[in-house]
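Visitor: First the structure, then my questions, so here it is.
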Amino acid sequence: MLFALDDDECGVKSLILQRTPALEVLLSEYERGVQVSMEGDEYLENNLLKEIAIKEEIVVISALQRSYKLSISHVENEELEEMLKFIDKLNFDSSFKVNIA
């Protein structure tokens, strides 16, 4: 899953939620899950997703080492529905919390 964020310097920055279930069987239990990274930031090893909280027009993505607060005020309802479906797919094993208020 990819979120495109406004950035004053380069126009757009990407917040990336990445999971490779087929390879997770090769990892230790504590390394399995959704890796969170921000384009241009230093790589944070095992910055695994812990929670996605959606309230009104704000999404907070909390990982082990960092959290990100995003506005979804300009996102269409159809895109939000697709995002929620994708979040469900990422969370097939309930490895992170999803809170929708």
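Visitor: Would it be correct to say that K13 is modelled with pLDDT of 95 or more, surrounded by 15 or more Cβ atoms within 10 Å (Cβ to Cβ) and in contact with a strand residue (DSSP E or B) (Cβ under 6 Å, 6 or more places away or on another chain)?
Guide: Judged against the criteria, K13 is not a match.
Visitor: A further question on this structure: Consider E56 against the criteria (1) over 15 Å from F92 (Cβ atoms); (2) open to solvent by less than 100 Å² (accessible area, probe 1.4 Å): it satisfies all of them except one. Which criterion is unmet?
Guide: Unmet condition: (2).
Visitor: May I pose another question? Could you please find all residues in segment 16-41 being closer than 22 Å to S67 by Cβ, open to solvent by 40 Å² or more (accessible area, probe 1.4 Å) and touching a residue at least 60 places away in the same chain (Cβ under 8 Å)?
Guide: Hit for segment 16-41 is R32, nothing else.
The values are calculated or read from the model by the stated rules, or taken from the named source; none is laboratory data. The shown structure was predicted, so the numbers you read here are calculated from the model rather than taken from an experiment. Counting neighbours? That spans all protein chains shown, and the Cβs are built from the backbone with ideal geometry, glycine included. For accessibility, only protein heavy atoms count, side chains too; no ligands or nucleic acids. Shrake-Rupley method; radii C 1.70, N 1.55, O 1.52, S 1.80 Å.
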